[in-house]
1. Considering Cα pairs under 8 angstrom that are at least six residues apart, work out the relative contact order of chain A and quote it in whole percent.
2. With a Förster radius of 41 Å, plug the Cβ-Cβ distance of residue A:80 and residue A:320 into 1/(1 + (r/R0)^6) and report the FRET value to the nearest 0.05.
3. What's the extension gain from residue A:462 to residue A:450 if we count 0.36 nm per residue and subtract their Cα-Cα distance?
4. Could you compute Rg(Cα) / (2.2 N^0.38 Å) for the stretch B:11-59, with N its residue count?
5. Please report the Cα spread of the stretch A:320-434 along all three principal axes, rounded to whole Å, starting with the longest.
6. Could you line up A:425, B:54 from fewest to most neighbouring Cβ atoms inside 10 Å?
7. Output the relative contact order of chain B, whole-number percent, from Cα pairs under 8 angstrom with separation of 6+ residues.
8. Between the stretch A:159-216 and the stretch A:337-402, how many Å separate their Cα centres?
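Every number here is computed from the coordinates shown, using simple stated rules; none is lab data. Small disclaimer: the values here were computed from a predicted structure and weren't measured. Cβ placement follows ideal geometry from the backbone for every residue including glycine, while neighbour counts extend to all protein chains displayed.
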Amino acid sequence: MTRAVAARTARWTRRGLRPGDRVFLHSGNRLEFFAELLALWRLGACAVPLDPRLTRVELERLVEAASPRFSVVDDSVEVASALPASVAVVGADEADGTGDLPPDLAEPGADALILFTSGSSGRPKGVVHTHASLRARWAALRHHLGLAAYARTLCLLPTHFGHGLICNSLFPWLAGQDLFITPPFRPDLLARLGALIDEHHITFLSSVPAVWRLALKVAKPPRRAPLERVHCGSAPLPATLWDGIRGWSGTKEVFNTYGLTETGSWVAGTSGGPFTPADGLIGAPWGATIRVRRAADADGLAALGGAECAPGETGHVWLETPALMRGYLGRDDLTRRVLVDGHFATGDLGTLDERGWLHLRGRERDEINKGGMKIAPAEVDAAAEGCPGVAEVCAFAVDDPLYGQNVGLAVTMGQEGDEAVGDLYRWMRERLAETKLPARWWRVDAMPRSDRGKVSRDAVREACAARPPLDLTRILQGR
Amino acid sequence: MREAHRARVLDFLRTIQKPDRPLEAVAESDSLVEAGLIDSLALLEIVAFLEEQYRIDFAETGLEPDQLTSVSGILDLIEREARA
């Protein structure tokens, strides 16, 4: 790995990379990605790992938001052709330098990592972490969780995702533990998960509930030795599934972990002693102070003060942690709304019990949690903007047996007939990654509105739930 | 009998497939995921369908990775389980 990093620092020096430059990384979940990341950090640059499934339109928006100087691509011609001339394209395999590692130029307060999440206004929302905030996260995890259980860690999650990258991969690996990484969400690998654990003597893995729903159905458990510890996070973990994972993995140490990209992911979990799995149970903080307040955000804090709820009383979850992001890239307006003097408004509702353990009770912000991937409905709405014939759209969460939630869409249109629906689908497909496209569609005469005339997503969801969705397959295939 | 199973499996796949990909364009031995017809995690829905409609218990039998990735793989599995 040292040689691989040195080869890349030599290449970057040759290409004129400077401290503070932002670099897009288009493909993760492989050794070369981690070598690239360490090389960039060594030279004081900021890495921006991206979902390789982005559409051209989404990629153009990210370029506009992040102004990267370089973009590391593999053999994907499509990605390279979508980038403007201002972004220099570097081949992932172009790393033939040799020599020693240069001095470490990473300043603790400098930007190290930007992870884009779904923006509530439809504009990209980049979470910026510094070297200091990332190191604070890893130090806190090491202090609260130790390293022994993570000796041979498996990562099945995508590395453009805070949970997969910062915690599942970098926390153990940078502390000297062995990391085994697979392409994300591959059913053939999940089907032989037990064998994979046996073969590589895996002691730990983290994942999301949707992956466990599949693995418990199709994979035989490990035979040689049980896992030492399992984390599950990024989406609600029902108690029945939690028990199922305990049975399959052979360990009681299955921790429901809570974290947000803004906190460097894992910030709390069930590590503080015996517990019985229960819906919403999170547990004790890891390197953070958790407060449940009456105020929901910065405006609420100004109006209501810092008043905290009593144990057992539901309120808004706030976190203070040295691992907190620096802010949202170029979006001081959004940052000011959720970050006040180091106190972060998570957007989650919860309670603290007498032990100080967190229990989540729901989420107050508009957000669709599709198997751990958070999708802002406004981003889906924005992808329909400008489509001829469309009067109004409204995206909302629908229950999904596989992912927990999925994307539903109601649409009002100026013209009759299926053709307009097909046109809207194709329009959105060009502007939105396939994973965010609505799975169920309804055509409505008018959007339900609140007294103030605003479209109410809850009311739209209720109106649509009363009738079957459109048969989109029939519409698109002209049957 | 295989024809009847095929019709039933194809009807089911139409309910979970991505809407703009014609099922007919995917060869019977092609991987449904690699052909872009279904999402990789949709495998769980195929498992649930086989458990419910054909009483196949995957906890008992386990699953070979390639069994459910193509229409022919699914039909072979149904026939094998019917004989067992």
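1. The value is 12 percent.
2. Details: r = 42 Å, r/R0 = 1.04.
The formula returns an efficiency of 0.45 here.
3. 3.0 nm
4. Numbers: Rg = 11.3 Å, N = 49, 2.2 N^0.38 = 9.7 Å.
Rg over 2.2 N^0.38 Å, computed on Cα atoms: 1.17.
5. Computed over the stretch A:320-434, the largest-to-smallest principal extents equal 58, 36, 21 Å.
6. Working: A:425 21, B:54 15.
By the 10 Å Cβ count, ascending, the order reads B:54, A:425.
7. Numbers: 59 pairs, mean separation 28.4, N = 84.
Taking the mean separation of contacting Cα pairs over the length of chain B, I get 34 percent.
8. Cα centres, the stretch A:159-216 to the stretch A:337-402: 25 Å.
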